[in-house]
Amino acid sequence: MFKALWKYFLTAALVLTMAGVFYSRTGKLPSMAKRFPIILIYIIVFFTILMLVEQILKFVNKDKPKKKKKKNNEPEWEDAVGEINYLKAFIFAVMIGVYVFTLKSLGYFIVTPIFIVVAFMYLKSTSLRNSILITLGFNLFVYLVFVKFLNLPIPMGILS
Amino acid sequence: MIIDNILFGLTNVLQPFNLLLIALGTSIGLFVGSMPGLSATMAIAILLPLTFGLDPAAGISMLASLYMGAMYGGSIAAILLKTPGTPAAAATIMDGYPMAQKGYPGKAFGISLTSSFIGGMISALVLLTVAPLLGKLALEFGPVELFAVAVLGMTIIGSLVRGSTVLGLLSGSIGLLLALIGMDPTTGTPRFTFGNMYLFSGIPFVVALIGLFSIPQAIHLIEQKSSMNTGEINPIEDKMLPTFKEFRKLIVTILRSSGIGVVTGLIPGTGGDTACWFAYNEAKRWAKDKTGFGQGRPEGIASAEAANNAVVGGALIPTLTLGIPGSSSTAVLIGGLMVHGILPGPTLMTEHADVTYTLIWGLFFANIFMFIIGLMFTRATIYVTKIDNKVIAPLIVVLAVVGSFAINNSFFDVILMFLFGILGYFMNKIDMPTAPMVIGLILGHMFDTSLNQSLLMSRGSWMIFLRSPISAILLTLALFSALQSTPLFGLIIRTFKKKVLNNN
């Protein structure tokens, strides 16, 4: 059971830890400032326990034969979703993390082209030539719209 | 006063620059909607920073137009590829795809466009007439009633989202708790800031929603081994617009479905994805001849498309009058108002009437532009469905990063956006909806302030919430909405029915 429901046990552990940390911080607050947070923390703990109970009940009842109630004509596309590649998702998330954390020191106009081209190459989105062309075009678009037209800030990093 | 505001909104929206922005928003919506895997909410979230440099009324009207355009755009992939561009176009597949397969894709698009146009116009008209009246009523609300409205909104959203009610309510509660980070508005004490000065002003709501709606979607686009849009696309060669005879046969279905869409939109937590199926099933139920549904019946397309566009105006009614977003897309629109310093709530219809009425009129013009652009460019837009998701995903990330930085010129916000993105991804994996969390982040401040004000008024007595009839009714409804989807409630109803039957 633990193997099948590990995602929910982990979620419950994380949520309860968060609730505990927030609760420990309410001690120093004036009574009026802590009233609503404490109510919310109790509600969160209650729903977290309820979530676990619900998932355990679902797991226990999983093998029982059910009468299928067809609400509407579900289209076939729902079954057409492909198999999930978690490794690819993880590596892409790490790439986003590296991009975000290097942005401050190196600046948008250095890190972004590298991120886009590397991501395109890793995901096999398109050829290297097209990757470079898309990157140049996209960055030019961002520069014109954000910097020139809307006067919005862009992190410049070492170029500033 | 209301008439003055309505006329002011109309003159404001008619400015050429505003019309240009509405046309631009509609075109982007059409583009985004036609690409399977991209949602209107995500597009509004990542384009929200674009409105910083614009007048709030013009910027928000552009985003609302994007929402409207995406609703029609979703039908393009549904009709051609049997894959809905947005979840709201899921029911369009049932008859749109078979009609296209029979060699009439143009006719399917024409019915979709006409129904979307009428549905959108009706919803904008309802919004223009109902919102001012409801807004006037909402102005009478004090903190007690506002607290009850917020509780009702939160429980409805939590219990009506797809999947588990418990997960929906848990997500909303976490959102509310996160919204309390920052200075307490009543006592001025820093709360849950952990000594971090960036958190003193609270979690920037727009940063959180950019992260929650864009990063999970970008990762989702690349994590699937098989790409969904690989099929051959035949060009549209037949006529698009329906003839008057065909239109006359469809008008009742379109009007009924528009009504369903508006009402569904009004209920917080339900959106185009619910409305399209509801309207489709009603079209089938009301049809004299029930054969042919699922094989290319025009009524099937008309019902789904009129309903999903009618949702837009309906969802904006609680958003603009009470500050309770009717859907995740309208929650993001509220974020757009908040970055301009406009707080959601009853004052939107009075203090910020210029923005609100321009937005309402903007919806009318978004429909007109959607119809014109749809007629002119649907034939070209079909090729957009062929763009590989793997090209789009990194670009979404870049726009999310640029947008989150632009809000406060802060790297902390970019990191926060990324963390919310990762949180959103994991929430998706356990089927915990992100929309209630976003709405919790919006309503947290209103909840806290109205609760403290009410309890100050009653010198700490919680009975104040039951003394006001409006509040008592709303809180009872909230209790029922939370309980109705629990197994316990089902058990009580079944036992009660059994007892009644036995007694008889």
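Identify, from the list A:Phe120, A:Phe101, A:Phe138, the residue that is open to solvent by less than 30 Å² (accessible area, probe 1.4 Å) and within 23 Å of the chain's Cα centre (by Cα).
Answer to the selection: A:Phe120.
Select from segment A:110-122 the residues that are at the interface with chain B (Cβ under 7 Å from one of its Cβ atoms) and out of contact with any helix residue (DSSP H, G or I) (no Cβ under 7 Å at 6 or more places or on another chain) and list them in ascending order.
None - no residue of segment A:110-122 is at the interface with chain B (Cβ under 7 Å from one of its Cβ atoms) and out of contact with any helix residue (DSSP H, G or I) (no Cβ under 7 Å at 6 or more places or on another chain), so the list stays empty.
Tell me the residue from B:Thr321, B:Thr347, B:Thr291 that is β-branched (Val, Ile, Thr) and assigned to a loop (DSSP other than H, G, I, E, B), please.
B:Thr291
What tally of residues in segment B:60-92 results from selecting those that are within 12 Å of chain A (Cβ to nearest Cβ), open to solvent by less than 10 Å² (accessible area, probe 1.4 Å) and assigned to a helix (DSSP H, G or I)?
4
Is it fair to say B:Met338 is crowded, with 22+ Cβ neighbours inside 10 Å, within 30 Å of B:Val130 (Cβ to Cβ) and among the hydrophobic types (A, V, I, L, M, F, W, C)?
No, not satisfied.
Kindly indicate which of B:Gly294, B:Gly300, B:Gly259 is at pLDDT 90 or above and surrounded by fewer than 23 Cβ atoms within 10 Å (Cβ to Cβ).
Just a single option satisfies the conditions, and that option is B:Gly259.
Note down all Cβ pairs under 7 Å where the first residue falls in segment A:21-32 and is under 14 Å from B:Ile181 (Cβ atoms), the second is assigned to a helix (DSSP H, G or I) and of a type in the set (Lys, Arg), and they're at least six residues apart or on different chains.
A:Thr26/A:Lys34
Where residues in segment B:51-85 are farther than 16 Å from B:Thr378 by Cα and hydroxyl-bearing (Ser, Thr, Tyr), which of them is modelled with the lowest pLDDT?
The extreme case among them is B:Thr83.
Check off (1) crowded, with 22+ Cβ neighbours inside 10 Å; (2) modelled with pLDDT of 85 or more for B:Ala23 and give me the number that stays unchecked.
Only one criterion in (1) crowded, with 22+ Cβ neighbours inside 10 Å; (2) modelled with pLDDT of 85 or more is unmet by B:Ala23, namely (1).
From the list B:Pro36, B:Pro49, pick out the single residue that is over 18 Å from B:Thr319 (Cα atoms), out of contact with any strand residue (DSSP E or B) (no Cβ under 6 Å at 6 or more places or on another chain) and assigned to a loop (DSSP other than H, G, I, E, B).
B:Pro36
I'm trying to understand the selection: among the residues of segment B:416-461, which are among the aromatic types (Phe, Trp, Tyr) and within 10 Å of chain A (Cβ to nearest Cβ)?
Once the filter is applied, which keeps residues that are among the aromatic types (Phe, Trp, Tyr) and within 10 Å of chain A (Cβ to nearest Cβ), segment B:416-461 yields B:Phe418, B:Tyr425, B:Phe426, B:Phe447.
For the subset of segment A:123-135 comprising residues that are outside any loop (DSSP other than H, G, I, E, B) and more than 10 Å from chain B (Cβ to nearest Cβ), which member is surrounded by the most Cβ atoms within 10 Å (Cβ to Cβ)?
Out of the qualifying residues, it is A:Ile132.
Here are B:Phe480, B:Phe405, B:Phe426: which of them is on the phi < 0 side of the Ramachandran plot, touching a Pro at 6+ places or on another chain (Cβ under 7 Å) and free of Cβ contacts under 8 Å to residues at least 40 places away in the same chain?
Selected residue: B:Phe405, the only one of B:Phe480, B:Phe405, B:Phe426 that is on the phi < 0 side of the Ramachandran plot, touching a Pro at 6+ places or on another chain (Cβ under 7 Å) and free of Cβ contacts under 8 Å to residues at least 40 places away in the same chain.
The values are calculated or read from the model by the stated rules, or taken from the named source; none is laboratory data. Predicted model, so just to flag it, every value in this text is computed and none were measured. Glycine also receives a Cβ, built like all others from the backbone with ideal geometry; neighbour counts cover every protein chain displayed. Surface areas here come from the heavy atoms of the whole protein model, side chains and all, with no ligands, DNA or RNA. Shrake-Rupley method; radii C 1.70, N 1.55, O 1.52, S 1.80 Å.
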